[in-house]
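Structure record follows, encoded as structure tokens.
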Amino acid sequence: MTNKWWQDAVVYQIYPRSFLDTNQDGIGDLPGIISKLDYLKDLEVNCLWLCPVYRSPGKDNGYDISDYTDINPEFGTLSDMDLLIREAGQRGIKIIMDLVINHTSDQHPWFLKSKDKNSPYRDYYFWKEDTNGKPPNNWTGFFGGKTWSKDPGSGDWYLHLFAKEQPDLNYHNPAVIEEIKSILKFWLDKGIAGFRCDVINILWKESLNDGRKRLILTGSEHYISKQRNHDILKTLRKDVLDLYDCFTVGETVFITPEDARDFILPERKELDMIFSFEHMETDQIIVKWFKTKFKPKKLFQTLIKWQKELPWNANYLENHDQPRSVSRFGNDGKHREVSAKMLAVLLLTLRGTPFIYQGQELGMTGFDFQSMEDIRDVESINIHRLAKSLHIPKKIRWQMIRRTSRDNARTPFQWSDENYAGFTKETPWIKVNGNYKRIHAKEQIKNPDSVLTFYKKLIALRKNSVVLRKGSFTSVYYDKNIFVYKRTYEEESILVLLNFSDRKIEYQSSGSVLFTNYKRELYDGVLNPYEGLLLQL
Ligand code: TEU
Ligand code: CA
């Protein structure tokens, strides 16, 4: 069975706000992405996922949309977007957009009109009249804290599972689904190749009753992965998506591999792939803010489970919401480069479509911020405020933010050792990481031993390897530091050996060296510190 184009693809996620600023307002923009298409072509990625660039007040950096069919002037114009799609297409690069349809901005005209209880837009959202001065239920939100806010004018409550500026859409109203279909068609007719679908498994709220008390997300049993959520996805697929050559990858929270099968098995005709979170929760206790020491074995066990349970899926180690992988799963000190390359071997040799997040190809690290003054992320600010209200000591609060804040992934892309890392000539919207003089694309492009050069070679290897693109996955061995698995297609097999430790480790195997992040000709039965080794069996 031949792979679909998005199964053979290597996808590159761009957070436009932090990619490249060309009009010197300190904010990345669409012309900045256009100017770097040759850099991306040279990396041999063939699909870009753009985080939201729609018109937005920017309370959640674009995940609060006030106009789905116009571009945020901070990023550019619709004609810039048309140019980007065209220029990327000429380089064989497709584009997928970020579809954020669980909620809109509170500045969206639909929401502004819905404040009038007689408006036809009233039931686009969840409005409740105030009866006793208390929120209509006990639900708690994704950014910590409450999920109901009052409209000052009417005193009525409205539901928002994220920030109060992100009111939830009401999918009990068929008019909402029709609006979403128009949005999909608008962008697909412009030539985009699909969507990354934001928190796509919480669209259907079964009821607004109180939820069972939980440490996080009280009330979530009423809206996670409901049957009617599947029905909505089937409708969007049948009525719109199936009419285009496109794919969807859904961000799905709190799901198991069994749940995932119900979203992405081809016969379900809902989504093509999903982003799961379980492997990103292997270094925490209960919630991501309570980090534990990273134990590679837990990561290996989770990856093996998901590789076995799903015939195909999206693979990622970083995105705009997650800390940088080299700081989290590798070693961003002495072994930064070699461990960043080892993580590239993991990402690009698992079965499934690999997603690389901007800067991951350079081995960019978590931020070096010193205080909350440097933080921009609404989630981090809300969580810090909540922690302070719970009298968690300042030092502990800052440690939580330092390790987990989404801003770790949102510092400006490090293009060069010039001022502001070549990202902008003016003060950037968020501080540049102080290590930009050491870690930047300009140096790595011409350095044959750089992380960037390693990514290029590995992506090229993957493109030319039917085993890596189509082969089966078999776990061979793992322990607290080593992970060994095999990819097989027909008669050919590749053994992948990963050492997640800073020590040499012995492991006997046959096979000739196909690829490694070390200079070696033969395999001598010893894995170097943070070695990622491919053996042709
Ligand atoms: O994130 C969904 C979400 O649940 C995040 O809060 C995520 O769980 C957490 O940050 C990861 O540890 C999506 C977008 O990716 C995020 O940027 C948005 O803020 C959020 O939805 C609301 O649209
Ligand atoms: Ca700009």
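A few comments on the model shown:
- The residues of the stretch 4-17 that are within 16 Å of ligand 2 (Cβ to nearest atom) and either among the aliphatic types (A, V, I, L, M) or outside any loop (DSSP other than H, G, I, E, B) (or both), listed by number, are 14, 16, 17.
- In the stretch 314-368, the residues that are part of a helix (DSSP H, G or I) and among the acidic types (Asp, Glu): 337, 361
- Meets criteria (at pLDDT 95 or above, surrounded by fewer than 23 Cβ atoms within 10 Å (Cβ to Cβ) and outside any helix (DSSP H, G or I)) for residue 391: yes
- Taking the criterion of being part of a helix (DSSP H, G or I) and among the basic types (Lys, Arg), the only residue of the stretch 23-56 that qualifies is 41.
- Segments classed as helices (runs of 4 or more DSSP H), wholly inside the stretch 407-500, with at least 3 members that are in contact (Cβ under 8 Å) with a residue 24 or more places away in the chain and under 22 Å from the mean Cα position of the chain (by Cα): 451-463
- Of the candidates 337, 309, 318, the single residue that is within 29 Å of residue 195 (Cα to Cα), touching a residue at least 12 places away in the same chain (Cβ under 8 Å), buried (at least 18 other Cβ atoms within 10 Å of the Cβ) and not aliphatic (A, V, I, L, M) is 318.
- Against the test of being at pLDDT 95 or above, of a type in the set (D, E, K, R), within 30 Å of residue 215 (Cα to Cα) and more than 16 Å from ligand 2 (Cβ to nearest atom), the options 130, 82, 116 yield a single qualifying residue, 130.
- So residue 86, is it more than 15 Å from ligand 1 (Cβ to nearest atom), more than 24 Å from the chain's Cα centre (by Cα), surrounded by 16 or more Cβ atoms within 10 Å (Cβ to Cβ) and among the charged types (D, E, K, R): no
- Within the stretch 446-456, being buried (at least 16 other Cβ atoms within 10 Å of the Cβ) and not polar (S, T, N, Q) holds for 451, 452, 454, 455, 456.
- The number of residues in the stretch 92-120 that are of a type in the set (Asp, Glu), more than 21 Å from residue 197 (Cα to Cα) and in contact with an Asp or Glu (Cβ under 6 Å, 6 or more places away or on another chain) comes to 0.
- Given (1) free of Cβ contacts under 8 Å to residues at least 40 places away in the same chain; (2) within 16 Å of ligand 2 (Cβ to nearest atom); (3) in a loop (DSSP other than H, G, I, E, B), index of the condition residue 20 fails: (1)
- Candidate set from the stretch 12-51 (those that are within 16 Å of ligand 1 (Cβ to nearest atom) and of a type in the set (Phe, Trp, Tyr)); member that is farthest from residue 367 (Cα to Cα): 49
- In a residue-by-residue description of the stretch 39-46, the property of being away from ligand 2 (no atom under 16 Å from the Cβ), without any contact (Cβ under 8 Å) to a residue 60 or more places away in the chain and buried (at least 18 other Cβ atoms within 10 Å of the Cβ) applies to at least one position.
- Of all residues in the stretch 89-114 being in a helix (DSSP H, G or I) and among the hydrophobic types (A, V, I, L, M, F, W, C), the one that is surrounded by the fewest Cβ atoms within 10 Å (Cβ to Cβ): 112
The values are calculated or read from the model by the stated rules, or taken from the named source; none is laboratory data. Only a predicted model underlies this, so the values are computations on that prediction, with no experimental measurement involved. Don't worry about glycine lacking a Cβ; one is built from the backbone with ideal geometry, like all the others, and counts go over all protein chains shown.
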